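Here is the structure we will look at.
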Amino acid sequence: MAPRRFVLSAAEMSEGFAAARCYPARADFFAGLPAAGGSLPGALSGTGGELDPDARLMFETIACPEISLRLLNFAEGSGIGIETRLVGDGEETYVALARPDSGHWDLALLGGRDLALALVDALLGVSDNPAPGKDFSLALSMPELAIVLAIAQCVRLDELRARLGCEEGGSGFPAAAIPMAAIEAVIAAEKERPDPGSPLSRLAMTCGGRLFEVLEDDGLRHGLKALIGNGLAEAGGALTDEGLALMSLFKSRDMITLMQTAQRQGGDAVVDSLLFLHGPGSLLAGAWRTNPAGGEEGLVLSAMQGAELLDLIDARLGPLLLNDGQRAPGIGFCLGCGTLYEESPRYCRECGAAL
């Protein structure tokens, strides 16, 4: 199948769906399409004035995909995510969709799974990412994460004030322990009005704002206690060298991408999500832990080789079939320690956590 590309107006999108006699799922991404008037635009016309066969395949795949992948990209300083979608049958047909502006749609009918993976790779920059210098895997509860991110925001604001006022300061590290009241004030202020330049607000966008819930039930006090127990903070609240390195890592992220996938497996839909934190010289993959058995909500981050990350993404483009027609196992990583595993094992080989 040769790749095809269509740049369509909203009206042309509606006419394409109507001509293919199919309609997309109700979602914000497709909201605002006008009613079809029954006149096929020239951009979608094929032989004899019928809907172009490639366009038909494209609209049918969009309307009823076996796999749907959504990339929501938050650039530094932007409070609005740039959305790209990839839908397909999990085998040979994939369609990429983007909205470069409110009035136009950019659609590409891709020639197979390899091109689909190459597109996601290009959007995430996996192959361009240098190999991590050392293994890195870390699990942080929501309160721990909120404190570290709030300190990163305090440092960021200090740097901005120093730059704007041509003053001394802005070293990139807090001079002393930041009082818990100041950390609470930063979190409360961003809960009321998110700051698109803040690492706290930008990460909160990817988890439905649950990071701000740490202000309830004395969550920050528990978070500080956990940071101290994990060697990331001292008893007085100042971050240790390891804590400062972690804070700097979060502050240096210039882009955050949330990747959400849904696959049809039998009569069920399997939904998954991964988080990618882009920054100087590194790309971290993460996943939000939501109500894990016997544990807290939080974020698990891992530094992976490019090939490992591509395997992880490829598994979310649909299950590969073996020669006997059976599905090959997919790839995931443990939410307890970040170890990669095939989907068939029940327990992580490194930390023993249930998978």
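The numbers here are math on the coordinates, done by the rules we state, and not lab data. Every value quoted in this text rests on a predicted model; they were computed, and no experiment measured them. Quick reminder, even Gly has a Cβ in these numbers, built from the backbone with ideal geometry, and neighbours come from all protein chains shown.
Couple of notes before you dig in:
- Order of THR47, THR261, THR290 under a 10 Å beta carbon neighbour criterion, fewest first: THR47, THR290, THR261
- What you get for the chain, charging only the Cβ of Lys and Arg (+1) and of Asp and Glu (-1), is a dipole of about 260 debye around the Cα centre.
- Between the residues PHE29, VAL95, LEU57, the greatest Cα displacement towards the positive end of the dipole of region 1-124, with unit charges on the Cβ of Lys, Arg, Asp and Glu, is found for PHE29.
- For the chain, the membrane-span-like helices by this rule, meaning whole DSSP H stretches whose C-alpha atoms cover at least 20 Å of axis and whose Kyte-Doolittle mean is 0.0 or above, are 142-165; this says nothing about an actual membrane.
- Here the Kirkwood formula puts the hydrodynamic radius of region 1-81 at 14.2 Å, using every distinct Cα pair.
- Once the C-beta distance of TYR23 and ILE80 is scaled by a Förster radius of 30 Å, the resulting FRET efficiency is 0.70 to the nearest 0.05.
- Neighbour net charge for ARG5 - beta-carbon separation under 13 angstrom, K R +1, D E -1: -2
- Neighbours of ALA185, meaning other residues whose beta-carbon lies under 12 angstrom from its beta-carbon, give a summed charge of -2 when Lys and Arg score +1 and Asp and Glu score -1.
- Exposure proxy for CYS351, CYS334: other Cβ atoms within 10 Å of each Cβ, ordered fewest to most, give CYS351, CYS334.
- Local electrostatic count at LEU149 - Lys and Arg +1, Asp and Glu -1, tallied over other residues with Cβ under 12 Å: +1
- Option label - semi-axes √(5λ) of the Cα gyration tensor in Å computed here, alternatives [x] 47, 23, 18; [y] 41, 25, 17; [z] 33, 28, 19: [y]
- Qualifying lysines (Cα of each under 29 Å from Cα of LYS134; at least 8 residues distant if same chain): LYS225, LYS251
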